[in-house]
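Visitor: This is the structure, below, for whatever I ask next.
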Amino acid sequence: MTTSHIPEDRIPVIVGVGEIVDRPKDIAAGLEPLTLLEEALKRAEADSGARLLSEVQSLDVVNFLSWRYRDPEKQLAQRLGIAPAHLYYGPVGGESPIRYLHEAAQRIARGECSVAAVCGAEAQSTATKAQRAGVELPWTPFAHDVEEPKRGAAFQKPMAVALGVFRPITVYPLYESATSAHWGQTPREALKESGELWSTYARVAADNPNSWLKKTFTGDEITTATPDNRMIAWPYTKLMVANPTVNMGGALILTSLAKARAAGVPEEKLIYPLGGASAEEPRDYLIRDQFVESHAQTAVLKAVMDLVGGDGRKFDAIELYSCFPCVPKMARRTLGLGPDVQPTVTGGLTFFGAPLNTYMTHSACAMVRKLRSGGALGLLYGQGGFVTKHHGLVLSRAAPQAVLKQDTSVQAEADRNRRNVPDFTAEAVGKGQVEAFTVIYRANGEVEHGVTMLRTEDGRRTLGRIPASDTATLAYLQDMDRTPVGTTGNIVTAGDGMLEWRVG
Ligand SMILES: CC(=O)SCCNC(=O)CCNC(=O)[C@H](O)C(C)(C)COP(=O)(O)OP(=O)(O)OC[C@H]1O[C@@H](n2cnc3c(N)ncnc32)[C@H](O)[C@@H]1OP(=O)(O)O
């Protein structure tokens, strides 16, 4: 029983979690996202031990990309036979499940509703396999007339697009190279840290019944390129990047404490959102001041630490978003956590699987289960875009002692720390100093080309291509014992008008 003085109808509580993983033997029997959503919600209701779905007044559906529907949130509500006052299908963003959970809790704290649900699903494995095999899926017809949702790539400069550094798999390596150089690591040391960290995620995934890849890997197995574990973009191999080729659905049901008790939800099921924070970086990553930290991430993590007395070690369970190693590597430094602290309760976007925007729905489910079985405080940290959108949420086994805050933005704090942003130019000559870099690989293991992010002699920022034929510069960039970040080379303009960068 709570000793809180807050009225029980204004205390939000998570009462039920549900997940489904679909591995069809026959591809045509694969479940479509709407069905996965419906099933996950039913499982969340069953988990709560109460009949709540018919009373949902707030329903948030995480954006999904594996299939397209017209108004999927309305179709889902129709399938469930409900008409929630708040019915929302959101934009792309890996942080969005945490935002929706937080907002649903805030809605309950405002007294706007007493039963809310958040859900997400993807069926990318089935969709990809069906497309590759030419199998027509017996799903709700694909809504060709609905516009494709805007992803991070839509916000990048033409030069970034032309050089291929406009997708997560090629942009995050830029952060990887800049952060590790800033931390004084050689590339070998940085890779070792990534491998050991990812190996921890794999161990947790191996024990999570809902994971896609239930197998442990050593750090070396993760970071060593092989035919089965090809290089994607230096220094990331396939086993170091998110795996979107999965079929999964996840859902959580929240109620007010008063409603949970009235409905007979067992006390030991209740997990309380305590509060959280959010902030963003500019969507165009080339207009950020630097790549050695994210001011938005730092502000969000400091704010969630403040909620628990300013110490990251107060969290008994943690989920640090893990689309690529640089994200939890940055986050755990800000939280003051060493390699001894397990950064996940789920298993990570590589091994658990990365159902695009909805991985954190599954993490929230895993966190609720974890806190129910022991531990007092849990941190959920979700991230979206290219280190762009950040949201942290603290969950607790004990009832809150303060009303859930309505303002979560720590944007002003993030912006206050931002230093001057260099002008971007697509035209430059002379010397260029490396700020960050990657080397992009083809599916057959060959280098496509390298890309350096550069500072010009007059302090502007640009990008330089390294053609696959420039083996000397590529070897210089991929030296395991000496980072090229901070060193200088020559910028030249190639025959096609694109800037190139050469060592020397
Ligand atoms: C904020 C954010 O979250 S940003 C992150 C956004 N997400 C991404 O950027 C996803 C990045 N990853 C990818 O695009 C893909 O994993 C790729 C391109 C690297 C590889 O995908 P594909 O070329 O389709 O893989 P490929 O055809 O070689 O193999 C498919 C098999 O490998 C598995 N697989 C695909 N990617 C991965 C991965 N990263 N790790 C482990 N297994 C994987 C699939 O599940 C599938 O397995 P199955 O045959 O048992 O069903």
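The values are calculated or read from the model by the stated rules, or taken from the named source; none is laboratory data. Since this is a predicted model, take the numbers as computed values, not measurements. Because the Cβ atoms are built from the backbone with ideal geometry, glycine has one as well, and the counts that use them run over all protein chains shown. Accessible surface is based on the protein model in full, side chains and every heavy atom, while ligands, DNA and RNA are left aside. Shrake-Rupley method; radii C 1.70, N 1.55, O 1.52, S 1.80 Å.
Visitor: Name the residue, out of Ala153, Ala181, that is at pLDDT below 95 and part of a helix (DSSP H, G or I).
Guide: Working: Ala181 fails: at pLDDT below 95.
Of the residues listed, the single one that is at pLDDT below 95 and part of a helix (DSSP H, G or I) is Ala153.
Visitor: Whether any residue in segment 283-294 is open to solvent by 10 Å² or more (accessible area, probe 1.4 Å) and under 26 Å from Leu254 (Cα atoms) is what I want to check.
Guide: no
Visitor: Additional query: Condition check: open to solvent by less than 70 Å² (accessible area, probe 1.4 Å), assigned to a strand (DSSP E or B) and in contact (Cβ under 8 Å) with a residue 40 or more places away in the chain. Does Val439 satisfy that? Write out each step before concluding.
Guide: On the way: open to solvent by less than 70 Å² (accessible area, probe 1.4 Å): yes; assigned to a strand (DSSP E or B): yes; in contact (Cβ under 8 Å) with a residue 40 or more places away in the chain: yes.
Considered against the rule, which asks whether it is open to solvent by less than 70 Å² (accessible area, probe 1.4 Å), assigned to a strand (DSSP E or B) and in contact (Cβ under 8 Å) with a residue 40 or more places away in the chain, Val439 comes out as yes.
Visitor: Given the conditions (1) within 16 Å of the ligand (Cβ to nearest atom); (2) more than 28 Å from Val485 (Cα to Cα); (3) touching a Pro at 6+ places or on another chain (Cβ under 7 Å), which single one is not true for Leu254?
Guide: (1)
Visitor: Pull up segment 343-370, narrow it to residues that are out of contact with any strand residue (DSSP E or B) (no Cβ under 7 Å at 6 or more places or on another chain) and under 16 Å from Glu193 (Cβ atoms), then point me to the one that is farthest from the ligand (Cβ to nearest atom).
Guide: Gly348
Visitor: Name the strands (runs of 3 or more DSSP E) wholly within segment 48-136 that hold at least 2 residues that are open to solvent by 50 Å² or more (accessible area, probe 1.4 Å) and without any contact (Cβ under 8 Å) to a residue 40 or more places away in the chain?
Guide: The qualifying strands (runs of 3 or more DSSP E) are 86-89.
Visitor: Examine segment 306-313 for a residue that is farther than 23 Å from Gln185 by Cβ, open to solvent by less than 10 Å² (accessible area, probe 1.4 Å), more than 11 Å from the ligand (Cβ to nearest atom) and in contact with a strand residue (DSSP E or B) (Cβ under 6 Å, 6 or more places away or on another chain), and state whether such a residue exists.
Guide: no
Visitor: Before we move on, is Ala225 open to solvent by 50 Å² or more (accessible area, probe 1.4 Å), within 16 Å of the ligand (Cβ to nearest atom) and farther than 30 Å from His5 by Cβ? Explain how you work it out, then say what you get.
Guide: Details: open to solvent by 50 Å² or more (accessible area, probe 1.4 Å): yes; within 16 Å of the ligand (Cβ to nearest atom): yes; farther than 30 Å from His5 by Cβ: yes.
Considered against the rule, which asks whether it is open to solvent by 50 Å² or more (accessible area, probe 1.4 Å), within 16 Å of the ligand (Cβ to nearest atom) and farther than 30 Å from His5 by Cβ, Ala225 comes out as yes.
Visitor: So, one more: Spot the failing condition for Lys215; the list is (1) open to solvent by less than 60 Å² (accessible area, probe 1.4 Å); (2) modelled with pLDDT of 95 or more, and only one is missed.
Guide: Failing condition for Lys215: (1).
Visitor: Right, something else. Could you please let me know if Gly489 is surrounded by 17 or more Cβ atoms within 10 Å (Cβ to Cβ) and within 18 Å of Ala181 (Cα to Cα)?
Guide: yes
Each row is one residue, and each column tells you yes or no for (1) crowded, with 16+ Cβ neighbours inside 10 Å; (2) of a type in the set (Lys, Arg); (3) more than 24 Å from the chain's Cα centre (by Cα).
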site	(1), (2), (3)
Pro141	no, no, yes
Glu148	no, no, no
Arg151	yes, yes, no
Ala181	yes, no, no
Glu193	yes, no, no
Val204	yes, no, no
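Visitor: Same structure, new question: Please verify whether Leu379 is among the hydrophobic types (A, V, I, L, M, F, W, C), open to solvent by less than 10 Å² (accessible area, probe 1.4 Å), at pLDDT 95 or above and in a strand (DSSP E or B), treating the condition exactly as stated. Before the answer, list the steps.
Guide: Working: among the hydrophobic types (A, V, I, L, M, F, W, C): yes; open to solvent by less than 10 Å² (accessible area, probe 1.4 Å): yes; at pLDDT 95 or above: yes; in a strand (DSSP E or B): yes.
Here the answer is yes, as Leu379 does meet what is asked.
Visitor: Still on this model: Restricting the search to segment 232-264, which residues are part of a helix (DSSP H, G or I) and open to solvent by 10 Å² or more (accessible area, probe 1.4 Å)?
Guide: Across segment 232-264, the qualifying residues are Lys238, Leu239, Ala258, Lys259, Arg261, Ala262, Ala263.
Conditions tested, residue by residue: (1) out of contact with any Pro (no Cβ under 9 Å at 6 or more places or on another chain); (2) over 30 Å from Val135 (Cα atoms).
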{"site": "Ile6", "(1), (2)": "no, yes"}
{"site": "Asp22", "(1), (2)": "yes, no"}
{"site": "Glu38", "(1), (2)": "yes, no"}
{"site": "Trp67", "(1), (2)": "no, no"}
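Visitor: Name the single residue, out of those in segment 16-42 being more than 21 Å from Pro244 (Cβ to Cβ) and part of a strand (DSSP E or B), that is farthest from the chain's Cα centre (by Cα).
Guide: Gly16
Visitor: Any residue in segment 265-273 that is in contact (Cβ under 8 Å) with a residue 12 or more places away in the chain and within 25 Å of Gly348 (Cβ to Cβ)?
Guide: Taking every residue of segment 265-273 in turn, at least one turns out to be in contact (Cβ under 8 Å) with a residue 12 or more places away in the chain and within 25 Å of Gly348 (Cβ to Cβ).
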